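Each reported figure results from applying straightforward, stated rules to the coordinates on display, with no laboratory input. Keep in mind that this is a model prediction, so the values were computed, not measured. Note: ideal-geometry Cβ built from the backbone for every residue, glycine included; neighbour counts use all protein chains shown.
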Amino acid sequence: MTTGEIIKNLRIERKMTQRQLADLLGYSDLSSISKIEKGVKDLPANKFSAVAEIFGVSVDALLNQTSTSTNEKIVLMNVSSLYGKPAVDALLLFDKLNETGQHKALDTLDDLVEIEKYKK
């Protein structure tokens, strides 16, 4: 996936118009955003930080080649800010399990939350 496609996906996920993004980036013409999203024009190097800040992602996420990785990074950043690193670690381990393993992991968590010494 190109940087333009990643930007388009992030913009759409946040229900932002091309006009709104163009305004935030200081473009007078929204066709610049359209060209960047279509890959006709590259995002100028001096705009990467601004785009990353607008969408709350790292510059690295904008350069990533797969939408899955970009989406995973966004999710993991949000999980980390809400629940901390142990939750991120748990999700990364959970992702390595097949469907049967995931069900077993959830059953085990259900059991753990019933044990008084593990409750918050």
- line: Residue-ordered couplings for the stretch 21-35, obtained by feeding phi - 60° into the Karplus form 6.51 cos²θ - 1.76 cosθ + 1.60 and rounding to whole Hz (Gly and Pro as x), are 5, 4, 4, 4, 8, x, 8, 7, 10, 5, 5, 4, 5, 4, 5
statement: Of the convex hull drawn through the C-alpha atoms of the chain, the volume per residue in Å³ is 124
query: For the chain, what is the mean residue ellipticity at 222 nm derived from helices alone (per DSSP H run of n ≥ 4: -39500 (n - 2.57); sum divided by total residues; nearest 500 deg cm²/dmol)?
result: -20500 deg cm²/dmol
- request: Please list, or write none, the lysines whose alpha carbon is within less than 26 Å of the alpha carbon of residue 15, excluding same-chain residues fewer than 8 places away.
  value: 35, 38, 41, 47, 73
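For the chain, what's the relative contact order in percent, using C-alpha pairs closer than 8 Å and at least 6 residues apart?
Details: 73 pairs, mean separation 26.7, N = 120.
It comes to 22 percent, rounded to a whole number.
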message: What is the distance in Å between the Cα centroid of the stretch 6-56 and that of the stretch 70-120?
response: 33
message: List the aspartates and glutamates whose Cα sits under 14 Å from the Cα of residue 8, skipping any in the same chain fewer than 8 residues away.
response: 37, 42
- request: State the answer as a single residue: which of 17, 1, 81 lies farthest towards the positive end of the charge dipole of the chain, with beta carbon charges of +1 for Lys and Arg and -1 for Asp and Glu, about the Cα centre.
  value: 17
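Provide, as a two-decimal number, the C-alpha radius of gyration of the stretch 3-70 over 2.2 N^0.38 Å, N being how many residues it has. Can you show the working numbers first?
Values: Rg = 10.7 Å, N = 68, 2.2 N^0.38 = 10.9 Å.
Cα-based Rg divided by the globular estimate yields 0.98.
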